[in-house]
Amino acid sequence: MIAAPKSGSGKTVITCALLQILKNGGYQVASFKCGPDYIDPMFHEKVIGVSSKNLDTFFTGEEQTRQLFLNGIVEKDLAVLEGVMGLYDGLGGIREEGSSYHLAKVTGTPIVLVVDAKGMGRSIIPMIAGFLDYDRAHLIRGVILNRISKRYYETIRLLIEDELKVPVLGFLPEKEELRIESRHLGLMMPDELNSVKERLQAAAEELQKTASIEKVMKIAEAAGELQNDGAMGTAKNVGKPDRPVIAVARDEAFCFYYTDNLALLKENGAEIIYFSPLRDSKLPKRCHALYLGGGYPELYAKELSENNEMRTAVRSAVENGMPVVAECGGFMYLHSAIIDREGVRCDMAGILPETCYYNDKLVRFGYIELQEKQSHFLPEGETIKGHEFHYYDSTGNGKDAIAVKPVTGRTYSCMIEDEKHFWGFPHLYYPSNPAFAKSFVEKADIYKREMEQELYG
């Protein structure tokens, strides 16, 4: 695991650089991101070309998280886990659950601590000492210093190793070409992708010169064995033409999907087909449900608005009773309009009479547990876990479910739903309650049979 004392320490760049080095070296690598982050796994896959997905001990607890991890490393040589926030920062910033450290403990993963050394002298030693002292499971096996000159690195490295007895594995100097600005991680245009690829390749080349990859590999090889109970999901009816088809919106505007959500839909018998609300003029010919995930519809509001054919197709599908799950950006697309941060109004699908508008601060942020007021997609009384992170709000967020914050217990109403529709800002993690995915596929199958009945009698 590549972790750090705090956000902004450089763990994403170093994780990506390490993944690139390993891939260049011919290793079969699996990548994981701790927590409910869509961006880093997307770039691990799209920019570097390694399989990547999320792991989160709040979403799935210890045993299930361990099994999801094991399922993701089949036929891989090694796995690299990227931490989130500070190493010990979990739920509400105060619990161990949901933290990088908890994930490392659950999966028995050794940790390399990335420390931002810019502006620090000898003070870096007691800071690292504190993290080592707090590491009750003794998982921190090495340190990489970021944003430090080669000359000073050679001096401070000897002191750290002498006083703390922890290996210092290398460093990255501060260079503009090694920085990845957050805006790059939010856009998927080809020129942006090329820019990120160049920067990550440069970071990989630099890290290979300034760090001991051999020592990193030895740390990885020292990881303990995990017991695999063999409880891997198996897709049902794979290859059969009578499976219900779920059309998933996937392009620059809609790109936030958990890998395990899609896998769970397949395991429950669905076939997944992708389409683009930006570029396609109609829905896939053969589809029985829509999954509109999160992303950046506000950045592409003009293009989405100008695609009248697709807006009409989605609206008609809903009016005809097609099951639809819409999360965050997908939920925004169902509105009458999006008003962007400059005040420009762009028409959307027009299924909901409400409007989405920009807020100058986060509207809602963090983990939630969601319970329906009436059982539509979940068994009565059961919950599903999710996450919210959005600057846009709606004039009508819905009142069909209750969201509960796990640390404070604060509750609020949200979601617009019925027997066929589940719409709202929360991003759901289906493995936290697989019944949701099962229910969604069943609704798609019912709709499929209804369509066939109309066609063939």
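Which lysines, if any, have their Cα less than 26 Å from the Cα of Lys361, not counting same-chain residues under 8 positions apart?
Lys6, Lys11, Lys33, Lys302, Lys385, Lys399, Lys405
Long-range amide H contacts for Arg364: which residues qualify at under 5 Å (H placed 1.01 Å from N, peptide plane, sequence gap of 5 or more or a different chain)?
Sorted by chain and number, the residues that satisfy this are His390.
Using packing as a proxy for protection, rank 148-156, 398-406 so that the peptide with the highest average count of other Cβ atoms within 10 Å comes first.
Values: 148-156: 14.3, 398-406: 18.2.
For the peptides 148-156, 398-406, the packing ranking is 398-406, 148-156.
Along the positive direction of the dipole of the stretch 66-130 (beta-carbon charges: Lys, Arg +1; Asp, Glu -1; about the Cα centre), which of His102, Leu70, Ile128 reaches farthest?
Ile128
Which lysines have a Cα less than 22 Å from the Cα of Lys285, not counting those fewer than 8 places away in the same chain?
Lys240, Lys266, Lys420, Lys443, Lys448
By the gyration tensor of its Cα atoms, with a ≥ b ≥ c the square roots of the eigenvalues, what is the shape of the stretch 56-205: rounded for a/c under 1.5, prolate for a/b over b/c, or oblate? Intermediate results must be reported in sequence, preceding the final value.
On the way: a/c = 1.82, a/b = 1.08, b/c = 1.69.
Since a/c reaches 1.5 but b/c is at least a/b, the shape of the stretch 56-205 is classed as oblate.
So what J values fall out for the stretch 214-227 if you push phi through Karplus, 6.51 cos²θ - 1.76 cosθ + 1.60 with θ = phi - 60°, rounded to Hz, Gly and Pro as x?
Going residue by residue, I get 4, 5, 4, 5, 5, 5, 4, 5, 7, 4, x, 7, 10, 7 Hz, with x marking Gly and Pro.
Give the carbon-plus-sulfur fraction of the accessible surface of the chain in %, rounded to a whole number; probe 1.4 Å, heavy atoms of protein chains only. Present the calculation step by step, with values, prior to reporting the outcome.
Working: 9750 of 19940 Å².
Solvent-exposed carbon and sulfur of the chain make up 49 percent of the total.
Provide the percentage of antiparallel DSSP beta bridges, counting only those with both residues in the chain; round to the nearest 5. List each step's numbers first, then the result.
Values: 29 of 70 bridges.
Antiparallel: roughly 40 percent of the beta bridges in the chain.
Classify the stretch 68-113 as rounded, prolate or oblate, taking a ≥ b ≥ c as the square roots of the eigenvalues of its Cα gyration tensor: rounded when a/c is under 1.5, otherwise prolate if a/b is larger than b/c and oblate if not. Please report the intermediate quantities before stating the final value.
On the way: a/c = 2.84, a/b = 2.02, b/c = 1.41.
Cα axes put the stretch 68-113 in the prolate bin.
Equivalent-ellipsoid semi-axes (√(5λ), Cα gyration tensor) for the stretch 325-457, whole Å, largest first?
Working: eigenvalues 143, 96, 22 Å².
Equivalent ellipsoid of the stretch 325-457: 27, 22, 11 Å, largest first.
Starting from the eigenvalues of the Cα gyration tensor, five times each then square-rooted, give me the equivalent ellipsoid semi-axes of the stretch 413-457, largest first, whole Å.
Working: eigenvalues 139, 36, 8 Å².
Semi-axis lengths for the stretch 413-457 are 26, 13, 6 Å.
Counting only residues 5 or more places away or on other chains, whose amide H sits under 5 Å from the amide H of Val29 once H atoms are built in the peptide plane?
Residues meeting the amide H criterion: Asp77.
Towards the positive end of the charge dipole of the chain, with charges on Cβ (+1 Lys, Arg; -1 Asp, Glu), say which of Gln20, Gly35, Ile339 has the farthest Cα.
Gln20
For the chain, with the dipole built from +1 on Lys and Arg beta-carbon atoms and -1 on Asp and Glu ones, taken about the Cα centre, which of Ser195, Phe254, Thr411 lies farthest toward the positive end?
Checking the options against the dipole of the chain, the answer is Ser195.
Semi-axes, largest first, in whole Å: what does sqrt of 5 times each Cα gyration tensor eigenvalue give for the stretch 266-407?
Numbers: eigenvalues 119, 97, 33 Å².
So the three semi-axes of the stretch 266-407 are 24, 22, 13 Å.
Could you go through the stretch 251-256 in sequence order and give the Karplus-derived ³J(HN,Hα) for each residue, using 6.51 cos²θ - 1.76 cosθ + 1.60 with θ = phi - 60°, rounded to whole Hz, and x for Gly and Pro?
6, 5, 7, 10, 9, 9
Per residue, how large is the accessible surface of the chain? Use a 1.4 angstrom probe and give square angstrom.
Details: 19940 Å² over 457 residues.
The answer is 44 Å² per residue.
Do the sum for the chain: with -39,500 (n - 2.57) for every DSSP H run of n ≥ 4, divided by all residues, what is the mean residue ellipticity at 222 nm, to the nearest 500 deg cm²/dmol? Walk me through the numbers on the way to the answer.
Values: 13 runs with 153 residues, N = 457.
The per-residue figure over the chain is -10500 deg cm²/dmol.
I need the peptides 97-109, 74-86 ranked by packing, meaning the mean over residues of other C-beta atoms within 10 angstrom, with the highest value on top.
On the way: 97-109: 22.6, 74-86: 18.6.
So the order, starting with the most tightly packed, is 97-109, 74-86.
Which of rounded, prolate or oblate describes the stretch 327-379 when judged by the alpha-carbon gyration tensor and an a/c cut-off of 1.5? Intermediate results must be reported in sequence, preceding the final value.
Working: a/c = 3.58, a/b = 1.53, b/c = 2.34.
Oblate shape, in that a/c is at least 1.5 and b/c is the bigger or equal ratio.
By accessible area of protein heavy atoms, probe 1.4 Å, what ranking do His138, His376 get, highest first?
Values: His138 130, His376 35 Å².
I get His138, His376, largest accessible area first.
About its Cα centre, what dipole magnitude does the stretch 221-353 give when the only charges are +1 on Lys and Arg Cβ and -1 on Asp and Glu Cβ, stated in debye to the nearest 20?
Details: 14 positive and 19 negative charges, 129 e Å.
Here the size comes out at about 620 debye.
Rg and Dmax of the stretch 16-100, Cα atoms, in Å?
Spelled out, the Cα radius of gyration and Dmax of the stretch 16-100 are 13.1, 40 Å.
By what distance, in whole Å, do the Cα atoms of the chain stretch along each of the three principal axes, largest value first?
Sorted from largest, the Cα extents of the chain read 79, 51, 44 Å.
Quick one: length gained pulling Met120 to Glu319 fully straight, 0.36 nm per residue minus the C-alpha distance?
This chain segment gains 65.6 nm when fully extended.
Let me spell out the model: positive unit charges on the Cβ of Lys and Arg, negative unit charges on the Cβ of Asp and Glu, origin at the Cα centre of the chain. What dipole size does that give, in debye rounded to 20? Intermediate values should be presented prior to the final figure.
Working: 53 positive and 65 negative charges, 154 e Å.
Roughly 740 debye, rounded to the nearest 20.
Mind pulling up the Rg/Rh value for the stretch 111-180? Radius of gyration and Kirkwood radius, both on Cα. Present the calculation step by step, with values, prior to reporting the outcome.
On the way: Rg = 12.0 Å, Rh = 12.4 Å.
A ratio of 0.97.
Using only Cα atoms, what is the ratio of the radius of gyration of the stretch 288-357 to 2.2 N^0.38 Å? Let's see the in-between values first.
On the way: Rg = 11.3 Å, N = 70, 2.2 N^0.38 = 11.1 Å.
With N residues counted in the stretch 288-357, Rg over 2.2 N^0.38 Å equals 1.02.
Ranked highest first by the average count of other Cβ atoms within 10 Å around their residues, in what order do 324-333, 121-130 fall?
Final packing ranking: 324-333, 121-130.
The values are calculated or read from the model by the stated rules, or taken from the named source; none is laboratory data. All of these numbers come straight from a predicted model, not from anything done at the bench. Neighbour counts are summed over all protein chains in view; Cβ atoms, including those assigned to glycine, are modelled from backbone coordinates with ideal geometry. Protein only, heavy atoms only, side chains kept; ligands, DNA and RNA dropped before computing areas. Shrake-Rupley method; radii C 1.70, N 1.55, O 1.52, S 1.80 Å.
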